[in-house]
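Every number here is computed from the coordinates shown, using simple stated rules; none is lab data. All values reported here derive from a predicted model rather than from experimental measurement. Cβ: placed from backbone, ideal geometry, glycine included. Neighbour counts: every protein chain shown.
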Amino acid sequence: MNSLGFHEGEQEVQRRAGVSDEAARLEGMLMPPNLDGGLTLFLAKRTLAALTARDRAGRLWTSLVRGEPGFLEAHGSTLVVHTAPRAEDPLHEMPPGQTAGLLTIDFAIRRRVRVNGLLTRSAPDALQLEADQAFGNCPAYIQQRSLTGDATAGTGTVGAHQAPGLVLTAEDEKVIREADTFFLGTTHPSRGTDTSHKGGNPGFVRIEDGTIWWPDYAGNNLFNSLGNISANPAAALLFIDFNTGRLIQLSGMAEIEWVTPGSPGDDGGTGRRVRFHPQQARTSWSPLGADSVALSPHNPEVDA
């Protein structure tokens, strides 16, 4: 991989959004990273991460991986994940030699870090990622939560369904419509894979005619996710119901829609939204929960 500079998809979205100059000032964030120091300490304290990669059939998924503090071990440009997706997860025994993107988050202090690179090891009990990019994001749109549950407990499969023009179940739709948080996985044909966090007030994710869409709120102007979608529509979503522990993983295709700023549903006024077309879905359960939530003060009001 060559991570020096923005790729063509990121540049195109930056140009259309009118932020090319602002983004150029942040291009140094994409330089090959050294994970030692503050990043190592932050990673070592985490108990949760979202991981995006392709399954053995080549389909993109985003999965939840959890462990006790220390399960994310970083040295130099190497990140070792001392766990792996379990047997019921679509990324169980995912092939090494592919790009992958990991995001870990501390909901309590509203801080997140992304590590993207090459998956060099995929074993039943461990993964290894050679980092090509690593950077933090601002706390905007992160809901403050105190997590509960056994970090080492597994998940149990509730169901899996797939079909052309997939119809989401009523249970799936309820979780998605009420979500204030989800994770988005995207990938570029040659420049790597990424996992990002998306947050907003409940109701910011909409379901319409079997598709899922959400407004793209103002961020750091890098447009890692939208840039990847511009170059390659493959995408994955992960929703977590923090009340019940229900997990919903969706794999499909995404597209960027440019609308008139301030039009109905353009909550943040950016004139951008992402529409996701689900093709496969898996539901499972995790003991992950939260005993309280404080919505981010940066969340735009949802425009019905």
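Would you work out which of His298, Gln279, Leu238 lies farthest towards the positive end of the dipole of the stretch 238-304, given +1 charges on the beta-carbon of Lys and Arg and -1 on that of Asp and Glu, about the Cα centre? Result: Gln279. Our estimate of slack between Ala123 and Arg275, defined as 0.36 nm per intervening residue step minus the Cα-Cα distance, is 51.3 nm.
Farthest toward the positive end of the dipole of the stretch 8-294, out of Thr52, Phe107, Tyr217, is the Cα of Phe107, where the dipole comes from beta carbon charges about the Cα centre.
Charge dipole (Cα centre; +1 on Lys/Arg Cβ, -1 on Asp/Glu Cβ; no other charges) of the chain amounts to roughly 280 debye. The simple spin-label model puts a point 7 Å past each Cα toward its Cβ; for Arg59 and Glu130 those points are separated by 3.0 nm. Sequentially through the stretch 55-72, phi angles give Karplus couplings (6.51, -1.76, 1.60; θ = phi - 60°) of 6, 5, 8, x, 8, 7, 9, 10, 10, 8, 10, 9, x, 5, x, x, 6, 9 Hz, Gly and Pro residues having no value and appearing as x. Extension gain for Ser146 to Ala304 (0.36 nm times residue separation, less C-alpha to C-alpha distance): 54.0 nm. When peptides 260-273, 192-205 are ranked by their average number of other Cβ atoms within 10 Å per residue, the highest-first order is 192-205, 260-273.
Annotation for the stretch 188-258 versus the stretch 52-86: alpha-carbon center distance of 19 Å. Working note: Karplus 6.51/-1.76/1.60 with θ = phi - 60° gives the stretch 129-138 the couplings 10, 8, 6, 9, 9, 7, 7, x, 10, 5 Hz, where Gly and Pro are set to x.
For the chain, a Gaussian network of Cα nodes joined below 10 Å ranks Glu208, Glu173, Glu22 by mean-square fluctuation, and the top entry is Glu208.
Backbone phi angles across the stretch 87-102, fed through the Karplus curve with coefficients 6.51, -1.76 and 1.60 (θ = phi - 60°), yield HN-Hα couplings of 4, 7, 8, x, 8, 4, 6, 4, x, x, x, 10, 7, 8, x, 10 Hz in residue order; Gly and Pro are listed as x. Modelled spin labels at Ala87 and Leu295, positioned 7 Å past Cα toward Cβ, are 4.2 nm from each other.
The slack in the chain from Val167 to Met253, taken as 0.36 nm per residue of separation less the alpha-carbon distance, amounts to 29.5 nm.
Net charge around Gly265, counting only other residues with Cβ within less than 9 Å of its Cβ (Lys, Arg = +1; Asp, Glu = -1)?
Values: positive: Arg206, Arg273; negative: Asp266, Asp267, Asp303.
Overall, the nearby charge balance is -1.
Classified by the C-alpha gyration tensor, the chain has a rounded form. Its axis ratio a/c, with a ≥ b ≥ c, is below 1.5.
For Phe135, enumerate residues with amide H under 5 Å from its amide H, sequence gap 5+ or separate chain, H modeled in the peptide plane. Amide H to amide H, under 5 Å and 5 or more residues apart or across chains, Phe135 pairs with Arg114.
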